[in-house]
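Chemist: My questions all concern the structure below.
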Number of protein chains: 2
Amino acid sequence: MGVPRIARAEVIPLLVGDPPLLNAIGVHQPWTPRLIVELETDEGAVGFGETYGDSNYLAAARALAEQVAGAPLYSLNTLMRRADRAGDGRADGGDTGGLRGALTGDKLRRSVVSAFEVASLDALGRITGLPVHALLGGKVRDRVEYSAYLFYRWAQHPEQSGPSLVDDWGAALDADGVVAQARRFADVHGFRSFKLKGGVFAPEEEMAAINALAEEFPGAPLRLDPNGGWSIDTSVRVARELDGVLEYLEDPTLGVAGMAEVHRRTGMPLATNMCVTSFEEVPAAFAARAAQIVLADHHYWGGLQATRELAAVARTFGFALSMHSTTHLGISLAAMTHGAAVVPELAYACDTHRPWQSEDVVVRPPQFIEGALQVSDAPGLGVDIDRDALAALHERWLELGVRERDDVAAMRVADPEWRQPVLPRF
Amino acid sequence: MGVPRIARAEVIPLLVGDPPLLNAIGVHQPWTPRLIVELETDEGAVGFGETYGDSNYLAAARALAEQVAGAPLYSLNTLMRRADRAGDGRADGGDTGGLRGALTGDKLRRSVVSAFEVASLDALGRITGLPVHALLGGKVRDRVEYSAYLFYRWAQHPEQSGPSLVDDWGAALDADGVVAQARRFADVHGFRSFKLKGGVFAPEEEMAAINALAEEFPGAPLRLDPNGGWSIDTSVRVARELDGVLEYLEDPTLGVAGMAEVHRRTGMPLATNMCVTSFEEVPAAFAARAAQIVLADHHYWGGLQATRELAAVARTFGFALSMHSTTHLGISLAAMTHGAAVVPELAYACDTHRPWQSEDVVVRPPQFIEGALQVSDAPGLGVDIDRDALAALHERWLELGVRERDDVAAMRVADPEWRQPVLPRF
């Protein structure tokens, strides 16, 4: 075999239907943009990756696609350099609606690189017959546990939002609704740990929901994530009241100093995907003991190799690791599963939004069994692309014209007075 | 292709001829033990790795060889776990003569794992047609620079040492000898940077040698490594006198606190392969600013993937990286070159002892051109094994019975009064 080279790199933006899930700053739109990266080698092998789809990611991805043409398929270590070169100020950060923390140009490029890295590994796996995990040193577990990602939500998007998908989950706006949602997740997918996206209602209500979950699922690991929506004092109060109930508390308050103070005053393990989302942010957070658990996310951190590197940093400096997710499809789910399979430190159940999506671009989306996914030993990612579905979701992107995910704007459709909340809200 | 599995794992100890190179604790023996690991898959693909050969490494390697039989060839991430399981107290550290710092069981197992990892990657590369660097995300440079490793040395081993190889380098016991040695290295291999192993003579003599090198090779990067042989005050004095002459000073004194003080008082960049040789030792050294450059070494740190992980830790915490070496053959040199090729941070010329060895187990040992090695794009490591040479060096191991490298004992042959020096010597 000669050196396999990238002959074609395509960036396919699409819109995926998303339910009206509530969070600290607003609500998910009916349609979330995602990007699919398709690479084809000079010998016709194909691989797929997936990442954020907002227009700044799209611009950076298109620029990188030009840079990788002709490059060796295995040249993953040069992707960041190529992305930097492609940048030229064309895609210098911006804001994704506030839930990702500060979005620097470097973080944006890492997210774009991750899709190219995953697509390269997928194609390389298909060429060599090896699963992606084997190209990362091999799985250390056969199954990867996921947690149920619970959301306060409406039954459906407001009519003024325009067309949207409808599901049969109904509303969940109080403890009973959250427990019913969790019960359905447990029954359908077998999830055994639960994360509630908080920061939506007053902390008392969200604590009541957590306590109701603890009663319904005795001993199950529980997490609460208000996305930095609370003051330090509120965070301390919640941490004390839920001591022994929560597995960990995720981003109760914003910033390294605040997180450090909450941990110091309560001893509650704190997780973050807001105050530490890049390698550059690790040392200060470590020095301040601002987080005990860092959320890996191969999109954030620059790919699956970078996830391994984050694990090494975590191991060295005594952080634990869990895994973050945002709205995504089956390509990213497969990549997340291969990534989690090769990192011994990923001992917490991983987050995933995937069960909220009723659409996908993969044939036979993987099924959760007892809350876990089997790690695929098939070549590459182990998922096949549904070309018709991919075309349809891209067609929707062309037709509907939604180009950004903006949870604040989506909330404003229902509540014209709504502005991005100044945090802390509570 | 099905999952390639390890059908046969062989550990081949051998003795390689070594010149009488002097260091802080003694002199190299005529014969240095090394281990070659040979893996063969169920389909007959073969790969080779190399590591330390002392009896505690040999015992750990033999135990690990039993553990990997039947394992997937790509299962690199489980090697440490298998080695831990194989340990059972049979190979719990010990001492290699004092130049490696404290040798814990964990460090020993990492060194053994590195040879199995490299052998696995070599075989996997041969199966897939990919060079080892491609299995590590691809090279970021086409050539890897090495430095000339200068030693004070005798012309030949003392007669009482028994049989030994003889070379035509002659003695180097003063500044003139060191410069002549450097000149020959520069002429033959094109090396452009120079490292002097110090700690042998009084610091004044070694400073004179460095100054003579600076005069002979204006502007060439120079390093001095007394292996922790100096007191803090001596280190400070040398650092001040060689300010602007040395690229960096390596392990002038022992321990995190001493290194930190030398750096604080002088600003001299300090490198180490003594006070930080494992991930566990990084945080304390980082907090104290005890070293500015950590020496990578895939044998020490647990393999080529671990070298990438070390680079990520270094990048995150602001260390620079260079590369350490000890007496080794062409398999390790090839592995070092692939490792250096994939790590952008390895911006210093790498150390290598290889030019001191007149023997090898590879056919056509790679040639340094302008002080650098071309990164091989051939499948696997890109070296072919000379089976006859391998058999001959193993035969020597069986015949001569040398089982440990012991520089102190070697010096005692020449000087019966010699005991391991209490450091600092100066």
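The values are calculated or read from the model by the stated rules, or taken from the named source; none is laboratory data. Values in this document were obtained by computation on a predicted structure and should not be read as measured data. We place every Cβ from the backbone using ideal geometry, glycine too, and count neighbours over all the protein chains shown. To get the accessible areas, we keep the full protein, side chains included, count just its heavy atoms, and leave off ligands, DNA and RNA. Shrake-Rupley method; radii C 1.70, N 1.55, O 1.52, S 1.80 Å.
Chemist: Given the -39500 (n - 2.57) contribution per DSSP H run of 4+ residues, what per-residue ellipticity at 222 nm results for chain B, rounded to the nearest 500 deg cm²/dmol?
Modeler: Values: 13 runs with 157 residues, N = 426.
The per-residue figure over chain B is -11500 deg cm²/dmol.
Chemist: A further question on this structure: Could you grab the relative contact order for segment A:273-415? Cα pairs under 8 Å, six or more apart, rounded to a whole percent.
Modeler: On the way: 147 pairs, mean separation 25.9, N = 143.
This gives 18 percent for segment A:273-415.
Chemist: Between residue B:211 and residue B:378, how high is the FRET efficiency from 1/(1 + (r/R0)^6) when r is the Cβ-Cβ distance and R₀ = 56 Å? Nearest 0.05. The partial results should precede the final answer.
Modeler: Numbers: r = 43 Å, r/R0 = 0.76.
Approximately 0.85, to the nearest 0.05.
Chemist: While we're looking at this one, here's another question. Rounded to a whole number, what % of the accessible area of the protein assembly as shown do carbon and sulfur atoms account for, probe 1.4 Å? Don't jump to the answer; show the numbers that get you there.
Modeler: Values: 14090 of 28510 Å².
C and S fraction of accessible area: 49 percent.
Chemist: Sort out the exposed loop GluC sites (Glu not before Pro) in chain B (DSSP loop, at most 14 other Cβ within 10 Å) and tell me the longest stretch that has none.
Modeler: Details: sites that count: B:43, B:370, B:417.
Longest site-free region, per DSSP loop and neighbour criteria: B:44-369.
Chemist: Below 30 Å, Cα to Cα, which lysines can residue A:195 reach? Residues fewer than 8 away in the same chain don't count.
Modeler: A:107, A:139
Chemist: Let a ≥ b ≥ c be the square roots of the eigenvalues of the Cα gyration tensor of segment B:159-264; is it rounded (a/c under 1.5), or, if not, prolate (a/b larger than b/c) or oblate?
Modeler: Working: a/c = 2.29, a/b = 1.39, b/c = 1.64.
Taking the square roots of the gyration eigenvalues as a ≥ b ≥ c, segment B:159-264 is oblate.
Chemist: Just want to confirm a number: the relative contact order over segment A:4-43, from Cα pairs under 8 angstrom separated by 6+ residues, in percent. Write out the running numbers ahead of the final one.
Modeler: Working: 67 pairs, mean separation 22.5, N = 40.
With pairs under 8 Å counted, the relative contact order is 56 percent.
Chemist: Right, another one. Could you give the angle, 0 to 90 degrees to the nearest 10, between helix B:203-216's Cα long axis and the longest principal axis of the Cα atoms of chain B?
Modeler: Relative to chain B, helix B:203-216 is tipped by roughly 80 degrees.
Chemist: What are the nm distances, shortest first, from residue A:233 to its equivalents in the other copies, labels at 7 Å along Cα→Cβ?
Modeler: Going from nearest to farthest copy, the values are 5.7 nm.
Chemist: In debye, nearest 20, what is the charge dipole magnitude of chain B about its Cα centre with +1 on Lys and Arg Cβ and -1 on Asp and Glu Cβ, if you could check? The partial results should precede the final answer.
Modeler: Values: 39 positive and 57 negative charges, 210 e Å.
Rounded to the nearest 20 debye, it is 1000 debye.
Chemist: In nanometres, what is the gap between the two model label sites at residue B:142 and residue B:167, each 7 Å from Cα along Cα-to-Cβ?
Modeler: 3.0 nm
Chemist: Note the distances from residue A:84 to each other copy's matching label point, with points 7 Å along the Cα-to-beta-carbon direction, in nm, sorted shortest first.
Modeler: 3.6
Chemist: Considering all projection directions equally, how large on average is the shadow of the alpha-carbon convex hull of segment B:227-301, in square nanometres? If you can, show how the numbers build up before the last one.
Modeler: Details: hull surface 17.9 nm².
It is 4.5 nm².
Chemist: Quick one: work out the % antiparallel among DSSP beta bridges in the protein assembly as shown, nearest 5. Mind showing how you got there, number by number?
Modeler: Details: 58 of 98 bridges.
Here the antiparallel bridges make up roughly 60 percent for the protein assembly as shown.
Chemist: If you don't mind, another one. Mind checking the angle between helix A:55-68 and chain A's longest principal axis? C-alpha axes, 0 to 90 degrees, to the nearest 10.
Modeler: 30 degrees
Chemist: Rounded to whole Å and sorted largest first, list the principal axis extents of the Cα atoms in segment A:7-95.
Modeler: 44, 30, 17
Chemist: Taking only Cα atoms, what is the 0 to 90° angle, nearest 10, from helix A:304-317's long axis to the longest principal axis of chain A?
Modeler: 50 degrees
Chemist: So if we plug the beta-carbon distance of residue B:159 and residue A:10 into 1/(1 + (r/R0)^6) with R0 = 56 Å, what FRET efficiency do we get, rounded to 0.05? Each step should come with its number before you reach the end.
Modeler: Values: r = 72 Å, r/R0 = 1.29.
Given R0 = 56 Å and the Cβ-Cβ separation, E is 0.20.
Chemist: Additional query: Could you work out the percent of alpha carbon pairs in segment B:58-212 separated by over 19 Å, rounded to a whole number?
Modeler: Numbers: 8413 of 11935 pairs.
Looking at segment B:58-212, the distances longer than 19 Å represent 70 percent of pairs.
Chemist: By the scheme Lys and Arg +1, Asp and Glu -1, what is the net charge of all other residues having a beta-carbon under 13 Å from that of residue A:375?
Modeler: Working: positive: A:139, A:141, A:143; negative: A:142, A:145, A:377.
Within the 13 Å Cβ shell, the charges total 0.
Chemist: On to the next question. Nearest 5 percent is fine: what portion of the DSSP beta bridges confined to chain A is antiparallel? Present the calculation step by step, with values, prior to reporting the outcome.
Modeler: Numbers: 29 of 49 bridges.
Close to 60 percent.
Chemist: So what is the orientation-averaged projected area of the protein assembly as shown, using the convex hull of its C-alpha atoms, in nm²?
Modeler: 34.9 nm²
Chemist: Something else now. Taking the alpha carbon gyration tensor of segment A:283-426, what are the square roots of 5 times its eigenvalues, largest first, to the nearest whole Å?
Modeler: Values: eigenvalues 166, 138, 32 Å².
In descending order the semi-axes read 29, 26, 13 Å.
Chemist: Here's another thing I want to ask about it. Over chain A, what lengths in whole Å, largest first, do the semi-axes of the equivalent ellipsoid take, defined as the square roots of 5 times the eigenvalues of the alpha-carbon gyration tensor? Spell out each step's value before the answer.
Modeler: Numbers: eigenvalues 212, 113, 91 Å².
That gives 33, 24, 21 Å for the three semi-axes.
Chemist: Also, quick follow-up: I'd like the antiparallel share, as a percent to the nearest 5, of DSSP beta bridges with both residues in segment A:148-262.
Modeler: Numbers: 1 of 11 bridges.
The answer is about 10 percent antiparallel.
Chemist: Given Cα pairs under 8 Å that are at least 6 residues apart, what percent is the relative contact order of chain B? Intermediate results must be reported in sequence, preceding the final value.
Modeler: Values: 972 pairs, mean separation 97.0, N = 426.
Here the relative contact order equals 23 percent.
Chemist: Continuing with this model, one more query. Expressed in nm to one decimal, what extension gain is obtained for the pair residue A:367 and residue A:388 from 0.36 nm per residue of sequence separation less their Cα-Cα distance? Don't skip to the answer; put the middle values down first.
Modeler: Working: separation 21, 0.36 × 21 = 7.56 nm, distance 2.09 nm.
Here the answer is 5.5 nm.
Chemist: Continuing with this model, one more query. Name the chain A residue with the Cβ nearest the axis that maps A onto B: which is it, and what is the distance in angstrom?
Modeler: Nearest residue, distance rounded to whole Å: A:128, 2.
Chemist: For a quick check of understanding: with a 1.4 angstrom probe and all protein chains in place, what accessible area in square angstrom does residue B:266 have, to the nearest ten?
Modeler: The accessible area comes out at roughly 40 Å².
Chemist: What spacing in nm lies between the two simple spin-label points modelled at residue A:398 and residue B:347, each 7 Å away from Cα in the Cβ direction?
Modeler: It works out to 4.7 nm between the two label points.
Chemist: From the label point of residue B:162, set 7 Å along Cα to the beta carbon, how far off in nm is each other copy's matching point, shortest first?
Modeler: Nearest first, the other copies' label points are 8.5 nm away.
Chemist: Hey, another quick one. Compute the FRET efficiency between residue A:287 and residue A:414 as 1/(1 + (r/R0)^6), taking r as their Cβ-Cβ distance and R0 = 45 Å, and round to the nearest 0.05.
Modeler: 0.60
Chemist: If you average the C-alpha positions of segment A:253-327 and of segment A:406-420 separately, how far apart do those two centres end up, in angstrom?
Modeler: Between the Cα centres of segment A:253-327 and segment A:406-420 lies a distance of 30 Å.
Chemist: Let me ask another. For the pair A and B, how large is the buried accessible area, both sides, in square angstrom to the nearest 100, if the probe is 1.4 Å? Each step should come with its number before you reach the end.
Modeler: On the way: alone 15690 and 15710 Å², together 28510 Å².
Counting protein atoms only, the buried area is about 2900 Å².
Chemist: Accessible area per residue of chain A at 1.4 Å probe, in Å²?
Modeler: Numbers: 14250 Å² over 426 residues.
Solvent-accessible surface per residue comes out at 33 Å².
Chemist: Segment B:313-352: which residues show an accessible-area loss of 20 Å² or more, assembly versus chain alone, 1.4 Å probe?
Modeler: Those are B:313, B:315, B:316, B:317, which lose 20 Å² or more relative to the chain on its own.
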